[in-house]
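The values are calculated or read from the model by the stated rules, or taken from the named source; none is laboratory data. Everything quoted here is computed from the prediction, not taken from an experiment. Glycine also receives a Cβ, built like all others from the backbone with ideal geometry; neighbour counts cover every protein chain displayed.
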Amino acid sequence: MAKKQRDALVWGIILILIGLIFFLDNFDIDVWDIIARLWPVALIIWGAWKLYFGLKERKGELPSSKETQGRP
């Protein structure tokens, strides 16, 4: 259930950012030029996000040494 909430949060933030871009474009603020230069930063952040949560989930799946001590 937590993953669905996290996904909904991410998509909500993405939609807000897209709306903000179009809103600022209506006021003749050249947001598209900034985005054209900085779009690789979004890939870096996305990759770091996936790496962090992937490692966090993997760490949670591994049994601890206390759990395996009682088993043959």
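General observations
- Counted residues, region 50-72 - those being of a type in the set (Ser, Thr, Tyr), modelled with pLDDT under 70 and under 28 Å from the mean Cα position of the chain (by Cα): 1
- The residues of region 26-38 that are of a type in the set (Phe, Trp, Tyr) and either exposed (fewer than 10 other Cβ atoms within 10 Å of the Cβ) or in contact with a Gly (Cβ under 8 Å, 6 or more places away or on another chain) (or both) amount to a single one, PHE27.
- Hey, ARG6 more than 14 Å from the chain's Cα centre (by Cα) and at pLDDT below 85 or not: no
- Scanning region 23-49 for residues being over 21 Å from the mean Cα position of the chain (by Cα) and either modelled with pLDDT under 90 or not in a helix (DSSP H, G or I) (or both) gives a total of 8.
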